[in-house]
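Chemist: Please find one structure pasted underneath; my questions will follow.
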Amino acid sequence: MITSSSSPVFADNYRMKKNFFIIGLLAAIILVFPVFSVQAQTSTASTQTILEQISRLLGGYNYDAAIALFDTISPDEAASSPIRLLKASVLNSAGRTSEARAIAEEIAAREPNNIDALFVLSAVEAMSGRTTQQRTVLERILSADPRNVYALTDLGALHLQLRSFRNAEEYYDKVLEIDPSNLDALLGKATIYRLNRDPHNAEAMLNQAVRYHPNNAAPYHERARLYNGAGFPINALDDLDKAKELNSFDYWIAFDRGSTLLDLYRREQALEEFERAVRINPREFMGYVYTAGLKDELGDWDGAERDYEILARLKPDYYFAFEGVGLHKMRRGQWAEARDAFLEVYRQAPNEYFYALLAAANWMRADNVTGPRQFLNQAMARVNRESIEYYMLRLYYDMTGRVYSGENDMIFRIDRETNLNVKAQMTFYFALYHDIRGNLNSANVYYLQFKEMNRMYLVEWRLNEWILANRGLLPY
């Protein structure tokens with residue numbers, strides 16, 4: 001399949017995988033409570049029902065509801081080590097690492113041979129980014145059980161994360177000596193080959209994983225990522241179709257399938273798949289990046305606005321989300337909301353002067369032209385006083401004092417600007433300046449000039465199109 005040793009760098013491995021340890025622990029716990037009496041039978045049946053509910057909630061990433069259910073288990077059973085370790089695992093998955101660590105450490109101290117407690121503690125250290133402590137816990141497991149394949153694969157993954165490929169490979173090889181079909185080890189070695197720019201051996205290892213595990217979605221998914229990174233999207237899509245068939249509830253399979261469809265220029269299908277991803281896990285922000293952008297491109301502006309707002313809540317340090325919110329609020333004429341969104345963007349990207357202009361423009365419309373005077377004064381202090389950007393900010397600043405000067409100078413500066421992107425942006429903000437002042441004819445002239453420059457990748461393009469469409473000025 002892959003015939004060139006000079007293939008591009010392949011896509012990064014999973015950022016997130018399901019916690020199969022929790023699922024295995026759940027299955028084991030259900031068998032912990034033997035039925036000796038009618039009372040015990042009733043209690044056990046109730047506990048099994050609750051555990052099954054917890055399992056379903058975990059499948060939907062609903063950690064808070066799963067955690068709440070532990071309070072409904074009978075006190076005697078809830079106090080048992082297996083149930084407490086399960087709760088610690090769920091707490092850890094929910095990001096409540098301190099609570100999870102307290103439970104795992106207490107049980108490990110009281111029951112030093114409890115391997116499950118050590119595995120939970122290892123997962124807590126991994127979630128906390130404490131790799132040294134995680135390695136210590138895993139080595140403690142191996143001291144008690146040198147052939148424990150779970151500890152060996154976790155140590156392989158840990159060294160892989162640290163890019164210590166030789167050590168990672170040694171651990172994976174030990175696992176494969178014990179179990180040649182071990183999926184984690186096969187996928188781990190494939191990743192090492194991929195990162196070492198050895199696509200042939202990576203593919204061979206993944207082919208082997210597929211042969212051993214034809215009904216498991218993971219090897220197909222990993223091979224699809226390999227093919228995608230090597231520039232074979234059709235082959236990647238074939239594997240992703242199979243992975244989806246085997247596991248239709250995996251967020252990252254849906255996400256990667258959407259990305260592959262996007263690479264193949266199938267935007268509508270890609271959007272459907274990204275929307276499926278956000279239905280699977282509505283709390284993961286990446287899917288909304290693509291649903292919002294694709295809805296914008298396909299003309300579903302209300303849908304795009306909703307997704308940008310969700311994205312801004314989920315990932316407040318992703319300023320492009322606030323940019324999208326600001327643009328759509330501006331489209332609706334909701335000036336105060338647009339101002340607040342662009343102020344947040346500018347706070348996160350203070351070197352991008354045009355966000356300051358957008359914030360100021362909406363501020364003037366939401367309040368009055370004097371509102372952003374101090375803000376613009378601060379923005380000008382960040383910009384080279386000899387630049388055209390400074391003079392545009394100054395033009396808006398002068399408007400806050402109702403001193404309409406510098407217009408002819410700005411026309412001259414825009415005319416002689418040689419950077420075509422900057423020239424286009426200055427033309428748009430000059431149009432917006434006239435719009436705010438109420439000079440609609442002049443504003444329309446400059447909006448049309450901006451459109452003729454055909455800079456569709458600029459932030460201002462969509463705003464300009466919406467303005468022209470609302471005024472019936474689009475030439476089609």
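Chemist: Being touching a Leu at 6+ places or on another chain (Cβ under 8 Å) and over 26 Å from Lys451 (Cα atoms) is the requirement here; does Leu393 meet it?
Modeler: The answer is no for Leu393.
Chemist: With (1) under 26 Å from Ala254 (Cα atoms); (2) at pLDDT 95 or above as the list, and Asp179 as the residue in question, which single condition is left unmet?
Modeler: It is condition (1) that Asp179 fails.
Chemist: Taking into account only those residues within the range 417-445 that are within 20 Å of Glu386 (Cβ to Cβ) and of a type in the set (Phe, Trp, Tyr), which is surrounded by the fewest Cβ atoms within 10 Å (Cβ to Cβ)?
Modeler: Phe430
Chemist: Sort through Glu106, Glu111, Glu125, Glu139 and tell me the only one that's at pLDDT 90 or above and crowded, with 22+ Cβ neighbours inside 10 Å.
Modeler: Sole residue among the options that is at pLDDT 90 or above and crowded, with 22+ Cβ neighbours inside 10 Å: Glu125.
Chemist: Thr260: buried (at least 18 other Cβ atoms within 10 Å of the Cβ), touching a Phe, Trp or Tyr at 6+ places or on another chain (Cβ under 8 Å) and among the polar types (S, T, N, Q), yes or no?
Modeler: No.
Yes/no per residue for (1) surrounded by fewer than 17 Cβ atoms within 10 Å (Cβ to Cβ); (2) within 30 Å of Glu111 (Cα to Cα):
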site	(1), (2)
Arg163	yes, no
Ala168	no, yes
Val175	no, yes
Pro180	yes, no
Ala204	yes, no
Arg223	no, no
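Chemist: Taking Ile414 as the residue in question, decide whether it is surrounded by 21 or more Cβ atoms within 10 Å (Cβ to Cβ), over 35 Å from the mean Cα position of the chain (by Cα) and either without any contact (Cβ under 8 Å) to a residue 24 or more places away in the chain or part of a helix (DSSP H, G or I) (or both).
Modeler: Answer is yes for this residue.
The values are calculated or read from the model by the stated rules, or taken from the named source; none is laboratory data. Since we're looking at a predicted model, the values are computed, not measured. Every residue, glycine among them, receives a Cβ derived from its backbone with ideal geometry; neighbour counts consider all protein chains shown.
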